[in-house]
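In what follows, a single structure is set out as structure tokens and then discussed.
The values are calculated or read from the model by the stated rules, or taken from the named source; none is laboratory data. The structure presented is a predicted model; accordingly, all values stated were derived computationally and were not measured. All Cβ positions, even for glycine, are placed from backbone atoms using ideal geometry, and neighbour counts span all protein chains on display. These area figures cover heavy atoms from the full protein model, side chains too; ligands, DNA and RNA do not enter into them. Shrake-Rupley method; radii C 1.70, N 1.55, O 1.52, S 1.80 Å.
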Amino acid sequence: MFIVELTYKVHLSHVDLYLEAHVYYLNEQYELGNFIASGRKEPRNGGVILSKISNKEELLAIIKKDPFNKHNLADYKLIEFIPSKVGKGFENLIA
């Protein structure tokens with residue numbers, strides 16, 4: 001599992017030009033089962049994606065498809081995360 005942290009490199013007005021395409025990309029990844037949670041950081045200087053993908057190279061290939069990545073709008077930081085304890089209802093996150 002990975003936590004993907006996005007940090008914008010450009011002004012929000014430029015990010016907003018690609019927001020609809022980014023949401024389409026996210027929806028596609030949810031449908032494929034690659035992402036399990038996502039959202040904006042506060043303050044709004046980027047976002048976070050939680051991915052159940054266990055192979056870093058596979059995740060990097062998926063991130064390359066993100067319009068924010070294609071248009072060089074954000075930096076991406078991948079944090080590998082192995083949950084060992086979860087709250088009720090999230091048991092499926094433990095490998």
Given points 7 Å out from each Cα along the Cα-Cβ axis, report the Tyr24 to Glu57 separation in nanometres with one decimal. 3.0
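What 222 nm value per residue comes from the helices of the chain, counting each DSSP H run with n ≥ 4 as -39,500 (n - 2.57) and dividing by all residues, nearest 500 deg cm²/dmol?
-8500 deg cm²/dmol
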Per residue, accessible area of the stretch 5-95 with a 1.4 Å probe, heavy atoms of protein chains only, in Å², comes to 68
Exposed loop sites here are chymotrypsin sites (Phe, Trp or Tyr not before Pro) in DSSP loop states with at most 15 other C-beta atoms within 10 Å. What is the longest stretch of the chain lacking them? 1-80
Below 15 angstrom from the Cβ of Asn92, what's the summed charge of the other residues (Lys, Arg +1; Asp, Glu -1)? +2
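Per the 1.4 Å probe, what fraction of the accessible area of the chain, in percent, lies on carbon and sulfur atoms?
Of all accessible area on the chain, carbon and sulfur atoms account for 54 percent.
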Computed over the chain, the ratio Rg/Rh where both radii use C-alpha atoms and Rh is Kirkwood: 0.98
Which residues' amide hydrogens lie under 5 Å from the amide hydrogen of Leu73, considering only partners 5 or more residues apart or on another chain, with H built in the peptide plane? none
Which is farthest toward the positive dipole end of the stretch 44-95 among Gly46, Leu93, Leu78, measuring Cα position about the Cα centre, with Cβ charges +1 (Lys, Arg) and -1 (Asp, Glu)? Gly46
For Phe68, what is the net charge nearby, where nearby means another residue's Cβ is under 15 Å from its Cβ and Lys, Arg count +1, Asp, Glu -1? +2
